[in-house]
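Novice: Okay, handing you the structure first.
The values are calculated or read from the model by the stated rules, or taken from the named source; none is laboratory data. Note that the coordinates shown come from a computational prediction; the quantities given were computed from them, not determined experimentally. For neighbour counting, all protein chains shown are included, and Cβ atoms are generated from backbone atoms with ideal geometry for every residue, glycine included.
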Amino acid sequence: MEGRADYVVKRTLFALLTVFVAVTINFLLFRALPGDAVSGLRCQHCTIQFKAALRHDLGLDKSKWEQYKIYLKQLAHGNLGLSDVSHQPVRGLLWDPLKNTLLMLTLGTVFSIVFGLLTGVVAAWRRGTWVDKGSLWTSLAFYSMPTQWLGLMIVYFVADRIGLPHGGIQSPDLGILGNPSTYDYWKDRLEHMILPALTLGLVLYGEYTLIVRSAMLETLGEDYVLTARAKGLSNFAIVRKHGLRNAMLPIVTLIALSLGFIVGGAITVEYVFDYPGIGLAIVDAIDKRDYTFLQGAFLLLTISVILFNFLADLLYFKLDPRVTT
């Protein structure tokens, strides 16, 4: 029990230290870039005096050390600063795009986990058969595809054939004749989410299938599995109680890592489908040199990776008691 408590404390401190390092790098990264929000203004009539006053209002004329201290103080109060373009709180500006992204990612992730686990387990159990070979080549094909390329192929060859919208998050004619019902609203939202979610889900599906198949093959070759077969246990019981349960350690690691990085990977997908999530908001902020917004967005993406890795470490207690030894 004491060993487990020490492990939790160590992992928590390590996660907090990683967050601090990420915050510092996040601050320095955008200060190292050429130009700033003022130099990026597309304003032909802005005078030098106006730009100097605006740079002072935004705190860009202060030293990097003073800016860093202000940045840490604001983060300690949950304040991500004001957008350099709209002058609105970044935390509020991030919420709507993040909400849209999370809904789409949830749909794609559930699809990839369910079908990845299913096909990986079946492929491992039926090793060497046409089921295994078909599953292996299909997963390899999807895993090797660049996400943005797969999205473009789905737009060109799939969207029109199945009657789903190419982009956006809401049909332009929704609500013209009155307020739409809850069913119509969410049906329309779901139709716009399916293709970007499917794009992300197919790439992750290929990755999950390969990892699950590899972990299951290693587990099914252990002596305790052979003993279970000799005892006459059914195939389903062997896979569920002995195979899948003992193969969950690398699977949980993969899921935790992908859940963190998938938020960043959604940037290209949202750009292809013009889906107004956090990825499209980041692209727009880059175009406008809204560094404060970009700081908040990148910090959010970084913390998501750290958080899911931390949760994976905690889940190891349940899956592998040897973690603390």
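Novice: So for the stretch 53-66 (the condition being within 29 Å of the chain's Cα centre (by Cα) and either at pLDDT 75 or above or under 30 Å from VAL269 (Cβ atoms) (or both)), does at least one residue qualify?
Specialist: No; the residues of the stretch 53-66 include none that is within 29 Å of the chain's Cα centre (by Cα) and either at pLDDT 75 or above or under 30 Å from VAL269 (Cβ atoms) (or both).
Novice: Continuing with the same structure: Mind telling me which of the residues ASP160, ASP173, ASP188 ends up being crowded, with 16+ Cβ neighbours inside 10 Å and either over 23 Å from the mean Cα position of the chain (by Cα) or on the phi < 0 side of the Ramachandran plot (or both)?
Specialist: ASP188
Novice: Can you spot a residue in the stretch 258-268 that is farther than 21 Å from VAL23 by Cα, β-branched (Val, Ile, Thr), touching a residue at least 60 places away in the same chain (Cβ under 8 Å) and crowded, with 22+ Cβ neighbours inside 10 Å?
Specialist: no
Novice: Still on this structure, please answer the following. Just checking, does the stretch 217-235 include any residue being free of Cβ contacts under 8 Å to residues at least 60 places away in the same chain, closer than 21 Å to ILE255 by Cβ and buried (at least 16 other Cβ atoms within 10 Å of the Cβ)?
Specialist: For the stretch 217-235, residues free of Cβ contacts under 8 Å to residues at least 60 places away in the same chain, closer than 21 Å to ILE255 by Cβ and buried (at least 16 other Cβ atoms within 10 Å of the Cβ): present.
Novice: Considering the stretch 303-325 alone, what residues qualify as being modelled with pLDDT of 75 or more and in contact with a Lys or Arg (Cβ under 6 Å, 6 or more places away or on another chain)?
Specialist: Listed by number, the list holds a single entry, ASP313.
So that you can scan it fast, the table gives a plain yes or no per residue for (1) loosely packed, with under 15 Cβ neighbours inside 10 Å; (2) touching a residue at least 60 places away in the same chain (Cβ under 8 Å); (3) more than 28 Å from ALA247 (Cβ to Cβ):
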position: ARG126; (1), (2), (3): yes, no, no
position: VAL131; (1), (2), (3): yes, no, no
position: LEU136; (1), (2), (3): no, yes, no
position: TYR156; (1), (2), (3): yes, no, yes
position: LEU198; (1), (2), (3): no, yes, no
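Novice: Shifting gears a bit: Given the criteria hydrophobic (A, V, I, L, M, F, W, C), modelled with pLDDT of 65 or more and outside any loop (DSSP other than H, G, I, E, B), does PHE20 qualify?
Specialist: Details: hydrophobic (A, V, I, L, M, F, W, C): yes; modelled with pLDDT of 65 or more: yes; outside any loop (DSSP other than H, G, I, E, B): yes.
Spelling it out, PHE20 is indeed hydrophobic (A, V, I, L, M, F, W, C), modelled with pLDDT of 65 or more and outside any loop (DSSP other than H, G, I, E, B).
Novice: Please indicate, with yes or no, whether at least one residue in the stretch 275-293 is among the β-branched types (Val, Ile, Thr) and surrounded by fewer than 19 Cβ atoms within 10 Å (Cβ to Cβ). Reasoning before the result, please.
Specialist: Pass one, the stretch 275-293, residues among the β-branched types (Val, Ile, Thr): 278, 282-283, 286, 292.
Filter again for surrounded by fewer than 19 Cβ atoms within 10 Å (Cβ to Cβ), leaving 283, 286.
Yes, the conditions are met somewhere in the stretch 275-293.
Novice: So, one more: From (1) without any contact (Cβ under 8 Å) to a residue 60 or more places away in the chain; (2) out of contact with any His (no Cβ under 6 Å at 6 or more places or on another chain); (3) not in a helix (DSSP H, G or I), pick out the condition that doesn't hold for PRO165.
Specialist: It fails just one condition, (2).
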